[in-house]
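The block underneath contains the structure these notes are about, expressed in structure tokens.
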């Protein structure tokens with residue numbers, strides 16, 4: 001599995017200096033790369049994660065079999081590649097086919113290689129087979145156009161034996177897949193290709209039931225997977241769990257990336273009967289539901305899988321495409337899908353590796369004082385998972401947000417510092433609602449002294465709020481099962497000569513109460529400190545005789 005990313009605090013740079021920094025890091029990604037075990041390594045032996053975007057559409061692939069390609073227009077590529085690089089991407093995937101085997105298309109592709117190199121990008125040439133015939137001759141020719149170009153990678157077949165033009169009975173046949181991919185890989189290596197080759201899996205890139213260490217006789221391979229929504233409107237936790245389980249074994253031994261993640265549309269057919277004077281007529285209508293719930297949910301999962309679980313990245317569709325899955329809108333704007341991908345996968349993935357803002361408007365991490373749509377999205381996730389009261393979803397990273405982030409970090413066993421780093425944001429994007437340790441059948445309060453969090457638990461056992469706390473600095477806050485014995489809106493502490501607002505006592509002089517300083521560590525004299533933003537809510541939740549359970553989690 002991947003070693004944890006070492007994330008450091010950085011000051012966000014702006015302007016030209018920020019763009020220059022982004023390009024410098026991207027160029028490092030574009031140096032000769034090689035697979036080492038389960039990782040992709042660049043020439044400096046630094047781990048590389050694929051952050052790719054598709055571009056080019058049908059410039060090098062016909063819409064229909066047998067249709068001759070027109071001369072490709074690549075005049076927009078320089079500006080497109082510049083914007084793609086500024087997202088934090090390091091790979092551009094361009095679909096190609098044997099129909100592009102002529103001088104006009106060769107020259108255009110060679111221009112793309114130079115444009116990509118100028119922006120520190122890897123050019124991934126993804127072959128779309130137009131027939132079921134062996135692709136080796138065409139791949140050999142293609143590789144010959146880019147001798148020793150270390151920023152050019154190859155993908156022998158986008159959907160092996162399952163594509164629009166090449167679908168056959170061998171679509172899900174692993175043996176047929178091994179045979180065709182072996183021929184293609186050997187052809188590319190004989191042509192002098194020394195960069196990683198991306199091999200998409202059988203059965204529409206869904207099948208991961210392979211002997212990963214011996215299936216293909218080449219160690220410089222990256223394996224591509226591509227799950228389908230299968231008509232689902234929402235990416236559910238069950239989908240996430242299934243993907244995690246299916247890819248767990250693979251990511252321990254080989255590099256695996258998602259090729260590709262696209263905005264999907266679900267089309268529903270509705271049949272209605274229309275009465276006529278002499279007959280009943282059948283009318284069919286098709287309704288298309290355009291929703292980001294599946295696609296964004298999947299991309300959020302991929303972000304966590306890449307940053308946390310050892311995944312090797314993803315390629316996102318697409319840039320400047322005529323379809324609804326385009327990330328770009330005109331020369332300067334992003335679509336809703338583009339903003340989702342830019343603020344999530346690309347910004348967080350880039351920041352996780354470099355510690356820096358990629359140079360776009362999406363920093364990939366936040367701290368106190370920040371504001372904007374990214375902060376609001378962070379707050380919405382915190383509120384959805386009970387770490388933040390909904391009234392504090394304001395778009396400004398204030399003390400309430402800091403407390404919520406520390407609470408999430410504590411519960412998730414991350415470093416508690418209140419900074420929404422790339423690792424914290426990626427973890428939050430894939431997190432589930434906190435679970436109570438005790439399901440008593442009655443409403444109660446749980447306090448985990450190790451994680452420094454308090455959970456307000458409904459009688460059904462559902463956690464309604466999780467709140468960051470600070471307990472005794474000497475470890476003197478008692479563990480055990482207690483009940484609320486006294487409540488005082490404003491309680492006077494005789495030993496410490498201080499007012500304790502919203503105090504709920506549960507054992508002798510120990511209480512849960514508001515305090516102006518609730519740091520990310522145990523700091524009290526023994527009571528349970530609660531920040532002012534949450535103290536009134538805790539006080540309103542507790543009742544006389546309510547169970548209060550304190551424990552040390554493992």
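Some notes on this structure:
- For region 522-554, filtering for residues that are free of Cβ contacts under 8 Å to residues at least 40 places away in the same chain and either part of a strand (DSSP E or B) or buried (at least 17 other Cβ atoms within 10 Å of the Cβ) (or both) leaves 1.
- Total residues in region 473-513, condition closer than 26 Å to residue 382 by Cα and under 39 Å from the mean Cα position of the chain (by Cα): 2
- Only residues that are over 31 Å from the mean Cα position of the chain (by Cα), within 22 Å of residue 40 (Cβ to Cβ) and touching a residue at least 40 places away in the same chain (Cβ under 8 Å) were counted across region 148-183, and they come to 1.
- Residue count for region 492-509 under the criterion of being surrounded by 15 or more Cβ atoms within 10 Å (Cβ to Cβ) and at positive phi: the result is 1.
- The listed residue being on the phi > 0 side of the Ramachandran plot and not assigned by TED's automatic domain parsing to the domain that holds residue 92, out of 364, 313, 330: 364
- Region 315-349, residues that are more than 21 Å from residue 422 (Cβ to Cβ) and assigned to a strand (DSSP E or B): 317, 318, 319, 328, 329, 333
- Subset of region 448-473 (residues that are touching a strand residue (DSSP E or B) at 6+ places or on another chain (Cβ under 7 Å) and more than 15 Å from residue 537 (Cβ to Cβ)): 448, 449, 452, 470, 471, 472, 473
- Flag if residue 519 is in contact with a helix residue (DSSP H, G or I) (Cβ under 7 Å, 6 or more places away or on another chain) and surrounded by fewer than 21 Cβ atoms within 10 Å (Cβ to Cβ): no
- Residue in region 479-491 that is surrounded by 17 or more Cβ atoms within 10 Å (Cβ to Cβ), modelled with pLDDT of 95 or more, under 20 Å from residue 418 (Cβ atoms) and not assigned by TED's automatic domain parsing to the domain that holds residue 417 present: no
The values are calculated or read from the model by the stated rules, or taken from the named source; none is laboratory data. What you are looking at is a predicted structure, and each value in this text was computed from that prediction instead of being measured. Don't worry about glycine lacking a Cβ; one is built from the backbone with ideal geometry, like all the others, and counts go over all protein chains shown.
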